[in-house]
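Notes follow the structure.
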Amino acid sequence: MMMLRCYAEGHAGSWQAYCLDFDLAVQGESFEGVYRSLQDAIALYVETVKELPEAERRRFFERKAPLSLRLKFLWLGIRSLFDDDGDQMGHAEMVIPCAA
């Protein structure tokens with residue numbers, strides 16, 4: 001079981017969610033919507049990759065998001081450690097389990 005690093009950001013009724021370990025992204029109107037969409041996208045991605053010849057699978061299971069997105073995820077995590085006002089409405093970090 002893999003634990004995939006993901007995060008979501010919301011601005012004015014529009015949300016985006018990213019899976020950093022598979023370089024997947026989804027958009028929606030709410031956090032709950034993008035969370036479900038990202039879970040669905042991950043499941044479909046894994047199902048599709050498992051149908052590939054074994055020699056090609058590893059490349060797709062090791063496809064990471066660009067460094068800029070991974071650094072943003074890291075920055076948001078660090079910033080949340082020092083955020084005194086507790087305002088977490090604009091972003092959320094999550095770990096999604098995946099049977100890859």
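Residue exposure proxy: Ile96, Ile78, ordered by other Cβ atoms within 10 angstrom of their Cβ from fewest to most, comes out as Ile78, Ile96.
Taking the charge dipole of the chain about its Cα centre, with +1 at Lys and Arg Cβ atoms and -1 at Asp and Glu Cβ atoms, the residue from Ala55, Leu71, Leu20 reaching farthest to the positive side is Ala55. Principal axis analysis of the Cα atoms in the chain yields extents of 50, 25, 22 Å, listed in decreasing size.
Taking label points 7 Å from Cα along the Cα-to-Cβ direction, Ala25 and Ser80 give a separation of 2.0 nm.
Read-outs throughout are calculated quantities, based only on the coordinates presented, and are distinct from any laboratory measurement. Note that the structure is predicted; figures quoted are calculated from it, not measured. Positions of Cβ are generated from backbone atoms using ideal geometry, with glycine treated the same way; all protein chains shown enter the neighbour counts.
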